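In what follows, a structure is listed as structure tokens, so that the remarks can point back to it.
The values are calculated or read from the model by the stated rules, or taken from the named source; none is laboratory data. Source: prediction; values computed, not measured. Backbone-built Cβ (ideal geometry, glycine too); neighbour counts: all protein chains shown.
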Amino acid sequence: MGEPKDACFKPVSPYTVWTQTTATTTVVPEQDFFILPNSGVACPVISFDTDQNEWSPPELDSNEKYTFRCDSAVYDPNPCILESDKYIKVADINVDTNRCTRFKLVLSDIIVTTTTTVDPNTPTTTTTTVSPIGGNYANYDNQANWNGTSEGNVTTVGSNGGPSAYGAYDMNGNVYEWNDLTGTAGLRGLRGGVWLNPNLKSWFSAWSPDVSVFFQGGGSTRRIGAGFRLASSLNPLNLTNFVIVGDAGNSNAGITEELAFGDVSYTYQIGKYTVTNCEYVEFLNAVASTDTYGLYKDVMNIDVAGGITRSGNVGSYTYSVKNQMDNKPVVFVNWFDCARYCNWLHNGKGSGDTETGAYTLNGAITGDAVAINAGANYRIPTENEWYKAAYYKGGGTNAGYWTYATQSDTAPTPVQANSLGYGQINGVPVPGADPIYNINCI
């Protein structure tokens, strides 16, 4: 066994390189991103065997499940804050050209097995993942200044704090998100929070679906854009970054002023992140060479929060992502834009039709939204689907609801941002975050 070179590193997500399970029950979520499962226990030493090309795990207690995670970040020879119960000693290792120097030993996701019935005669077992409680942080209240801003800005998806119980990130903060209300024709809703508003619990259940730019009040004329995340029953394209929302038949929130949202009678999937500029650019380049339906807005280029530029002339338009904006949420989209994106996915991407599929639009770009079609492969989440994925505690049908989508009843701390637009707290990555680091835009 190779001799370990002990070092302390600030923990960073996200790549799992080794997992050992000794139990899948009686697992208690970590209470803070930095703290070991057993506070006060000496840091275990991890060794790397260069001959066997594998990690030597520490001894595990009988009721604990750990995942060893590695981020191939630039080596910092002295990043350690001397709190032995909050950091992991690791081996400094360079294997070929892949240097893995920042490590973290964390509790893995709690696996809760529930039984749902698809057919009365055919019981089906569904596995629901309830995410460990991460950091109680979010991008809001004008704090995430980068790229020349002083009123906050959008930040990298997933970089701003811990997830909801089902593993969805940024459901409070960063950008408002469209929802389909009940899925019938009419007006549409917005939920969540936004980078420059101090209210993370904003919700608008009667909003015109053709609006793509909002304005911050109180003496400011700063433009605000909404984004969106996807929902799906089966995710037939096997798109990455979906999480399962189980606990079918759960109770609603029972909150009078919010009309008791959150009860959903079926298992579904929802986007782990909001749709990014990179993903939306792929869509634009596939279907908007003439941009008949106004899927691109000039504000996407003009505003500092926008992340997309357009080149060429009608019939030969091409689209690209602005510098450092690939993994930021697309903003300044209206409901019709989101619905066409869902139709495109429903029809297999590529040259897929934008007018039929999940929604029958037939050229509509103004007026009331149309109802979700039965059998939609991808869709905008209903308000109940969105609310449950954000706030429900999971693990049963009467688990109750968190006040905030970071699995907390206390308001999150606003994040700042580094020069690349990643959320940070006092110059270090945000506890509990799981950002998208690199995207290869098409």
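Exactly one residue out of Asn347, Asn343, Asn373 is farther than 25 Å from Asn199 by Cα, buried (at least 21 other Cβ atoms within 10 Å of the Cβ), free of Cβ contacts under 8 Å to residues at least 60 places away in the same chain and in the same structural domain as Trp146 (by TED's automatic domain parsing): that is Asn343. Condition test on Ser311, is it under 30 Å from Tyr392 (Cβ atoms), surrounded by fewer than 16 Cβ atoms within 10 Å (Cβ to Cβ) and either in contact with a strand residue (DSSP E or B) (Cβ under 9 Å, 6 or more places away or on another chain) or free of Cβ contacts under 8 Å to residues at least 24 places away in the same chain (or both)? For Ser311, the condition - under 30 Å from Tyr392 (Cβ atoms), surrounded by fewer than 16 Cβ atoms within 10 Å (Cβ to Cβ) and either in contact with a strand residue (DSSP E or B) (Cβ under 9 Å, 6 or more places away or on another chain) or free of Cβ contacts under 8 Å to residues at least 24 places away in the same chain (or both) - is not met. Of all the listed residues (Thr356, Thr366), the sole one being among the hydroxyl-bearing types (Ser, Thr, Tyr) and modelled with pLDDT of 95 or more is Thr356. Every test in (1) surrounded by 24 or more Cβ atoms within 10 Å (Cβ to Cβ); (2) more than 24 Å from Trp386 (Cβ to Cβ); (3) touching a helix residue (DSSP H, G or I) at 6+ places or on another chain (Cβ under 8 Å) is passed by Asp326 save one, and that test is (1). Here Ser320 passes the criteria (1) among the polar types (S, T, N, Q); (2) more than 18 Å from Val154 (Cβ to Cβ); (3) surrounded by fewer than 21 Cβ atoms within 10 Å (Cβ to Cβ) except the one numbered (2).
Could you check how many residues of the range 400-442 are assigned to a strand (DSSP E or B) and under 16 Å from Thr155 (Cβ atoms)? Working first, answer last.
Our first condition is that a residue be assigned to a strand (DSSP E or B); within the range 400-442, this holds for 401, 404, 408, 413-414, 416-417, 423-425, 428-429.
Now drop any that are not under 16 Å from Thr155 (Cβ atoms), which leaves 413-414, 416-417, 423-425, 428-429.
The qualifying residues number 9.
Do we find a residue being assigned by TED's automatic domain parsing to the domain that holds Leu239, buried (at least 22 other Cβ atoms within 10 Å of the Cβ) and touching a Lys or Arg at 6+ places or on another chain (Cβ under 6 Å) anywhere in the range 386-394? Before the answer, list the steps.
Looking only at the range 386-394, we keep the residues that are assigned by TED's automatic domain parsing to the domain that holds Leu239, and these are 386-394.
If we keep only those that are buried (at least 22 other Cβ atoms within 10 Å of the Cβ) too, we end up with 386-392, 394.
Pick out the ones that are also touching a Lys or Arg at 6+ places or on another chain (Cβ under 6 Å) and you get 386.
Within the range 386-394, one or more residues are assigned by TED's automatic domain parsing to the domain that holds Leu239, buried (at least 22 other Cβ atoms within 10 Å of the Cβ) and touching a Lys or Arg at 6+ places or on another chain (Cβ under 6 Å).
Among all residue pairs at least 6 apart or on different chains, which show Cβ distances below 8 Å where the first residue, located in the range 198-211, is in the same structural domain as Tyr387 (by TED's automatic domain parsing) and the second is at pLDDT below 85? Here the result reads Trp203/Glu258, each pair linking the range 198-211 to a residue that is at pLDDT below 85. Could you say whether any residue in the range 376-389 is in contact with a Pro (Cβ under 8 Å, 6 or more places away or on another chain), part of a loop (DSSP other than H, G, I, E, B) and over 27 Å from Gly186 (Cα atoms)? Among the residues of the range 376-389, not one is in contact with a Pro (Cβ under 8 Å, 6 or more places away or on another chain), part of a loop (DSSP other than H, G, I, E, B) and over 27 Å from Gly186 (Cα atoms), which makes the answer no.
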